[in-house]
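The structure appears below as structure tokens.
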Amino acid sequence: MSTRTCWSCRAEVSAADPLCPACGKVQPPLPAGAQIDKFALLGFEPSFDAPAGLDDKFRALSRKLHPDRFARATPQERRFSLEQTTLLNDAYKVLKDPVRRAEHLLALRGVKGDPKMSPEFLEETLEDREKLLEAKSSGEPLDALAAGVREKRDRTLREAREALESGGDLSRAAELLARMRYYARYLDEVEGRAVEV
Amino acid sequence: MALFEISEPGEGHAKEACTTGAVGIDLGTTNSLLAIVLGDGKPRALAVDEGSTLLPSVVHYGEGGGPGSVVVGRAARRVAAEFPHDTIVSVKRFMGRSSADPETRRLSPYRFAPGESGVVRFVVDGGRVVNPVEVSAEILRALRVRAEDRLGIKVNQAVITVPAYFDDAQRQATKEAGRLAGLEVLRLLNEPTAAALAYGLDKRSQGKFAVYDLGGGTFDISILQLQEGVFEVKAVGGDSALGGDDFDRALAEILLEGEERTPRRVREAIDAAKQAKEELTKVEVTQALGKQVTRALLEEAIRPLIEKTGGPARRALRDAGVPDGKGLDGVILVGGSTRVPAVRRYVRELFGLPPLADIDPDEVVALGAAVQADLLTAETPQHDVLLLDVAPLSLGLETMGGLVEKLILRNTTIPANATQEFTTFADAQTGMDIHVLQGERELVQDNRSLAKFTLSGIPPLPAGLARVAVTFQVDADGILSVTAREQLTGVSQSITVKPSHGLTDEEIERMLLASIEHAEEDVQARLLIDNRVEAQRILKATEKQLEQNGDLLSGDERRQIEEQMAAVRSATQATDHHRIHEEIEKLDRVSADFAKRVMDRGIERALKGHSVGEFDKGELSSHAQKAYSALRDAQDEGEETASPATGGARSAEHG
């Protein structure tokens with residue numbers, strides 16, 4: 001893992017660490033475009049499952065990094081605090097969510113961009129959607145449809161885990177995760193949350 | 001830092017050491033309060049008006065207009081009935097509101113000056129014109145001066161509370177009022193959050209809490225998580241035009257039945273109703289304007305108003321992941337209106353929990369603000385807590401066809417940022433309009449416009465090749481800045497969003513409600529626009545190919561494609577998105593063979609003198625590059641049409 005030098009005490013700091021372990025000063029964020037390991041930012045190893053103690057770690061770091069802690073500090077430190085807290089809030093949001101967390105895991109392994117979806121899957125989604133529209137217009141209960149898609153979603157996530165953990169087919173994992181987005185959207189629509197997502 | 005001695009009346013012996021001149025202020029609709037953390041680490045509200053901690057938010061502008069002609073508090077309230085035009089009551093309700101608003105006129109006796117930019121301006125004694133910021137500043141100044149008298153120190157820093165729903169402009173206006181009153185505003189704090197801060201400290205609570213804040217003029221609901229010294233705001237909601245003043249009005253309506261409504265009589269009836277309401281928290285029957293009023297009568301009059309708090313409360317619970325209050329650890333009551341027994345009964349029913357009310361619901365917000373002021377200024381704060389706030393409304397950008405692409409979603413923890421890449425829509429497009437919006441709806445016209453600016457100096461490239469990254473940054477105070485940057489040349493432009501006039505909290509509420517009511521309608525509108533945009537792009541791409549590679553077609557083939565293009569065009573004139581989609585697909589089919597021939601020719605041409613590898617690096621002749629981008633366009637369109645998961649316009653047009 002790469003390191004850099006603390007601007008205040010010149011101690012060596014791991015690149016992902018927002019605070020200098022020696023003097024406790026907040027560090028500037030990595031230059032724009034640098035890949036940020038959101039797991040490392042919170043002090044975790046990359047993992048498919050939510051890291052144990054994520055909430056506690058987030059709160060502990062927030063207490064150290066938040067701009068409210070720097071109301072009396074120099075403008076430079078206030079800026080570092082704002083930028084690091086922004087990164088921290090984003091990292092926490094990503095690590096909390098199973099799909100975003102897995103996508104970040106893929107990104108760390110160098111898989112980026114929107115994957116190509118298989119025609120079979122696209123056909124299947126169109127069918128699901130048609131059934132939903134039909135059920136909606138005829139006033140049928142949507143529970144059974146939603147349960148079916150929920151089951152597919154859970155199965156897809158399991159498959160994505162296998163693809164990721166065996167270290168095998170990363171592009172397959174990427175496609176499976178892209179499917180998760182579709183399922184989430186579908187379920188939101190069933191539950192009438194479409195606009196809030 | 002120096003230690004100051006202060007003494008409080010009523011506890012004459014208590015001489016407390018105070019370590020800071022920073023105070024917490026609750027600038028309320030009906031009453032305002034000021035509190036400070038004392039040497040013992042506990043916040044205390046100071047008596048600021050005739051021995052009471054409550055300063056009525058009433059400002060009277062007296063004769064002459066000179067110093068001393070402005071009266072604030074109870075003294076102002078006493079003359080309100082006599083001078084209805086010159087005495088401003090509940091000024092907070094007018095913050096950011098237009099004078100043309102029918103709500104403004106309802107039961108309010110003021111004279112309004114013709115507004116520029118729609119801001120309310122009151123005409124008071126002697127033709128003097130004042131705006132809500134100036135009126136609010138008078139209240140803050142009165143609090144500051146009276147606190148200085150009490151404490152014997154200079155009070156120059158404050159944390160001021162605002163409703164959770166106040167937007168950027170309303171927050172700025174509140175800060176401005178603070179500055180006018182001679183205060184450095186350290187931080188604006190959401191009212192319910194302040195209340196939880198007071199409770200968390202006093203009770204050392206852990207868990208998820210709802211803060212039910214029914215004040216004089218606003219209802220706010222916040223769901224907060226308190227854990228290990230960190231308060232996280234999980235969701236906020238509310239109804240900004242609902243409060244105890246409405247209870248008074250509802251009862252006043254009954255008292256005034258069959259009477260002529262002069263401004264004076266209306267004011268008297270409202271005062272009598274308010275007094276009756278307060279008495280009825282303790283007794284069953286009382287008198288108002290010579291009429292008998294029972295608790296049952298009051299409760300019947302206000303029941304529909306109380307029940308209006310249920311919708312926003314349930315929505316916030318769902319947003320926070322505690323639907324129907326299951327898993328909620330407590331409900332905190334804030335605001336004088338929560339003293340009404342019927343309100344407490346309703347709250348217990350709504351959340352399935354008996355509400356907490358051991359801190360005075362009138363003082364709790366100011367006490368929390370004092371704690372925050374202490375946290376921000378003291379060398380060693382008395383309490384070690386942190387407050388994590390959220391963005392109250394989604395922030396987004398206008399994209400093709402008048403749609404909104406949200407970058408930061410409502411209830412995102414702040415500070416936060418987000419970046420989205422946009423591409424050019426037309427060949428050689430050199431500018432891009434960036435239109436920043438706030439709200440939950442799908443269409444630009446239904447959201448609030450915060451700012452507009454143009455990024456110019458984009459290099460003239462074929463459509464879709466230039467890349468513009470737009471970044472939103474929201475800081476810890478909730479203020480937004482926007483940066484747009486063209487990736488190839490690094491041309492960039494940025495602004496801090498400071499809208500010139502405020503979105504009223506009522507507007508925010510209306511926008512939120514509308515987004516839920518119109519969800520289905522919005523989806524239909526979005527699909528229509530998406531399909532029209534697609535149709536336009538595919539028509540453009542086909543036209544371009546016909547012009548450049550038309551020689552690859554027989555007359556018959558060409559006619560067939562042109563007929564189908566006309567069919568697509570005519571479908572876009574109508575509003576059936578299914579039909580547009582179908583016609584696009586047909587065009588795809590009839591031009592599939594042509595596309596293949598164009599692709600073959602493109603590759604053939606590109607390969608003359610270029611390796612396939614160079615293709616990707618963009619080292620192409622301009623002709624080959626055009627062919628390449630046209631091909632890619634055609635491919636993209638195919639994908640977007642087929643995939644419901646990746647729908648949505650991607651590019652912003654230079655208008």
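Nothing in this text is a laboratory measurement; each read-out follows from the coordinates by a stated rule. These numbers come from a predicted model, not from an experiment. As a convention, Cβ positions derive from the backbone with ideal geometry for all residues, glycine included, and neighbour counts pool all protein chains shown.
How much length is gained on full extension from A:Arg79 to A:Ala144, taking 0.36 nm per residue of separation minus their Cα-Cα distance?
Taking 0.36 nm per residue and subtracting the Cα distance, the gain is 18.3 nm.
From the convex hull of the Cα coordinates of the range B:236-329, what is the mean projected area in square nanometres?
Averaging across all directions leaves 7.5 nm² for the Cα convex hull.
Could you name the lysines in cross-link range of B:Lys291, using Cα to Cα under 24 Å and dropping any fewer than eight places away on the same chain?
Cross-link targets: B:Lys274, B:Lys277, B:Lys282.
Take peptide A:64-77, look around each residue's Cβ out to 10 angstrom, count Cβ atoms belonging to other protein chains, and average those counts.
Other-chain Cβ atoms within 10 Å of each residue's Cβ, averaged: 3.
If you plug each phi of the range A:85-92 into the Karplus form 6.51 cos²θ - 1.76 cosθ + 1.60 with θ = phi - 60°, what whole-Hz ³J(HN,Hα) values come out, in order, with x for Gly and Pro?
Whole-Hz 3J(HN,Hα) from phi for the range A:85-92: 5, 4, 4, 5, 4, 5, 4, 4.
Using amide H atoms built 1.01 Å from N in the peptide plane, name the residues 5+ places from B:Leu388, or on other chains, whose amide H lies under 5 Å from its own.
B:Phe231, B:Glu232, B:Val233
Mind giving me the nanometre distance, one decimal, between the label points for A:Glu151 and B:Ile495, set 7 Å out from Cα along Cα→Cβ?
Reported label-point gap for A:Glu151 and B:Ile495 is 5.3 nm.
Send over the Kirkwood Rh of the range A:119-196, from the inverse of the averaged 1/r over different Cα pairs, rounded to one decimal Å.
Result for the range A:119-196 stands at 13.4 Å.
How about the range A:100-173: which GluC sites (Glu not before Pro) there lie in a loop by DSSP and see at most 13 other Cβ atoms within 10 Å?
Sparse-neighbourhood loop GluC sites (Glu not before Pro): none present.
In a Debye calculation with equal point scatterers on the alpha-carbon sites of chain A and no solvent, what is log10 I(q)/I(0) at q = 0.09, 0.16 Å⁻¹?
Computed log10 I(q)/I(0) values: -0.47, -1.03.
Could you give me the ³J(HN,Hα) list for the range A:100-108, computed from phi with Karplus coefficients 6.51, -1.76, 1.60 and θ = phi - 60°, whole Hz, x at Gly and Pro?
Residue by residue, the range A:100-108 yields 4, 5, 5, 4, 5, 4, 5, 4, 5 Hz.
Going by average Cβ density within 10 Å per residue, which order do the peptides A:142-150, B:273-281 take, highest to lowest?
Averaged packing, sorted descending, gives the order B:273-281, A:142-150.
Within 10 Å, count the other beta carbons around each residue, average over each peptide in B:214-223, B:39-48, and list them highest first.
B:214-223, B:39-48
Please list, in chain and number order, the residues 5+ apart from B:Val70 or on another chain whose amide H is under 5 Å from its amide H, with Hs placed from the backbone.
Excluding prolines and chain starts, which carry no amide H, the hits are B:Gly62.
Please give the average number of partner chain Cβ atoms lying within 10 Å of the Cβ of each residue in B:412-418, rounded to a whole number.
Neighbouring Cβ atoms belonging to other protein chains average 6 per residue here.
Which far-off residues, 5 or more places away or on another chain, put their amide H under 5 Å from the one on B:Thr424, with H placed in the peptide plane?
Under 5 Å from the amide H of B:Thr424: B:Gly464, B:Leu465, B:Ala466.
Could I get the Rg over Rh figure for the range B:158-294? Both from C-alpha atoms, Rh via Kirkwood, rounded to two places.
Result for the range B:158-294 is an Rg/Rh of 1.09.
Going Cα to Cα from A:Lys96, which lysines come in below 30 Å? Please leave out same-chain ones fewer than 8 positions away.
A:Lys25, A:Lys38, A:Lys57, A:Lys64, A:Lys112, A:Lys116, A:Lys152, B:Lys203, B:Lys208, B:Lys234, B:Lys326, B:Lys406
Ratio of Rg to Rh for the range A:1-113, alpha carbon only, Kirkwood?
With Rg and the Kirkwood Rh in hand, the quotient comes to 0.97.
I need the phi-derived Karplus couplings for the range B:568-574: 6.51 cos²θ - 1.76 cosθ + 1.60, θ = phi - 60°, integer Hz, Gly and Pro marked x.
In residue order, the calculated couplings are 4, 4, 5, 5, 5, 6, 8 Hz.
Evaluate peptide B:310-316: per residue, the Cβ atoms of other protein chains within 10 Å of its Cβ; return the mean as an integer.
0
Going highest first, how would you order B:71-78, B:343-350 by mean Cβ packing within 10 Å?
Highest-to-lowest ranking by the protection proxy: B:71-78, B:343-350.
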